[in-house]
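What follows is a set of notes on a single structure, which appears directly below.
The values are calculated or read from the model by the stated rules, or taken from the named source; none is laboratory data. The shown structure was predicted, so the numbers you read here are calculated from the model rather than taken from an experiment. We place every Cβ from the backbone using ideal geometry, glycine too, and count neighbours over all the protein chains shown. Ligands, DNA and RNA are excluded from the accessible area calculation, which covers all protein heavy atoms including side chains. Shrake-Rupley method; radii C 1.70, N 1.55, O 1.52, S 1.80 Å.
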Amino acid sequence: MTQFLFVLTILALTYVFGHCSLGDSFPSYRNCVLECSQKRCDKDGIRYKRSCCLVVLEVFKWKCSENCKYDCMWPMVEGLVERDWPVPQFHGKVWPFKRLLGLQEPASVAFSLLNLFTNLIMFNRFKEQIRFTLPSCNIWSLYTLVSANCWFWSAVFHGRDTMFTELMDYISAYAMVLFAFYTIGHRILLYSNQIVKNTFMIICSLAFIYHSLYLLTTEYDYKYNMTTNLLVGAVTGTAMLIWAVLNRRRMGHGKYLIFYVLGMTLASLLELADFPPLLWTFDAHSLWHLATAPNAYFMYKFAIEDCKHQRRMLLK
């Protein structure tokens, strides 16, 4: 009964304070932040009245007011946990995360870098085995570049969430999703007329430009961005499965695409979950980053075997 009344209270507070996250609505939290800001911060809320004792916070450009919010959050969280009450989100619908060396979400940073290194390691294996020149080789080189860029900005964004790092993360993520679509489309159209292939490339390029300009010139729409990525990802996965099934007898290496799609689909289920971070470090999103890393093996394994197959066809 107590928990029920507690939830009703904080929901009412959220309604009163409008766009605030649930945790931001607590009067004790708001008073703590106000008192901390008045005591520690200059009027602009950016700089400290006195030098900040932690250099790492200055390296990541944490504002004084942001550190006050972070410091006031944890007594609130600890009190809720002691009473076995649900822990709300803070600071714009973000779960409480323990910083590590100034990093905002250390697990997501680490797993983003894991994805980055996995792609680079597999691409190095690709180059070791594919020493001949094919049109597809250039595509896989670009795929690696786009993927590496995506995971780099993912690590930066999760390390320090700002408007700029958020925008770069979302644009880079869409670039990777769209380029995966272009990659399988290029394979399907490999022996098509050059006009058809160029038209497909132009359509993909325009799709990327439109999405990027939309994010740059309008108020950020999370639902639109997520829906767009899911739609392109679903079309890409469907195209991969259809191609692999239709060519299973002539090109058995299509099975790696099936493994890739299944792996990414299972990993994406974690994105549907939403729970307070385990040890205040591992949330569903960070675990999704962890789950996506092994799938790079299947994508590059397909790339290696498919290039070998194309080479054999050319030598016949």
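In segment 58-87, which residues are farther than 19 Å from Phe275 by Cβ, open to solvent by less than 30 Å² (accessible area, probe 1.4 Å) and either among the acidic types (Asp, Glu) or touching a Phe, Trp or Tyr at 6+ places or on another chain (Cβ under 7 Å) (or both)?
Cys64, Cys72, listed by residue number.
Scan (1) open to solvent by less than 10 Å² (accessible area, probe 1.4 Å); (2) over 30 Å from Asp306 (Cα atoms) for the single condition Cys150 breaks and write down its number.
Every listed condition holds for Cys150 apart from (2).
Name the helices (runs of 4 or more DSSP H) wholly inside segment 199-307 in which the number of residues that are farther than 27 Å from Arg99 by Cα and open to solvent by 50 Å² or more (accessible area, probe 1.4 Å) is 1 or more. Give the steps one after another, and end with the answer.
Working: elements: 222-246, 255-272, 284-292.
So the answer is 222-246, 255-272.
Restricting to segment 121-132, name every residue that is in a helix (DSSP H, G or I), surrounded by 15 or more Cβ atoms within 10 Å (Cβ to Cβ) and aliphatic (A, V, I, L, M).
Of everything in segment 121-132, just one residue is in a helix (DSSP H, G or I), surrounded by 15 or more Cβ atoms within 10 Å (Cβ to Cβ) and aliphatic (A, V, I, L, M), namely Met122.
For segment 88-115, give me each residue that is in a loop (DSSP other than H, G, I, E, B), open to solvent by less than 20 Å² (accessible area, probe 1.4 Å) and within 23 Å of Tyr222 (Cα to Cα). Write out each step before concluding.
Of segment 88-115, the ones in a loop (DSSP other than H, G, I, E, B) are 88-89, 91-93, 95-99, 101-102, 104-105.
Now narrow it down to the ones that are open to solvent by less than 20 Å² (accessible area, probe 1.4 Å): 88, 96-97, 102.
Listed by number, the residues that qualify are Pro88, Pro96, Phe97.
Take the conditions under 22 Å from the mean Cα position of the chain (by Cα) and at pLDDT 90 or above and apply them to Phe298. Does it pass?
Values: under 22 Å from the mean Cα position of the chain (by Cα): yes; at pLDDT 90 or above: yes.
Taking the combined requirement at face value, the residue satisfies it.
I'd like to know if segment 233-240 contains one or more residues that are in contact with a Leu (Cβ under 8 Å, 6 or more places away or on another chain) and either under 14 Å from Met299 (Cβ atoms) or in contact (Cβ under 8 Å) with a residue 60 or more places away in the chain (or both).
yes
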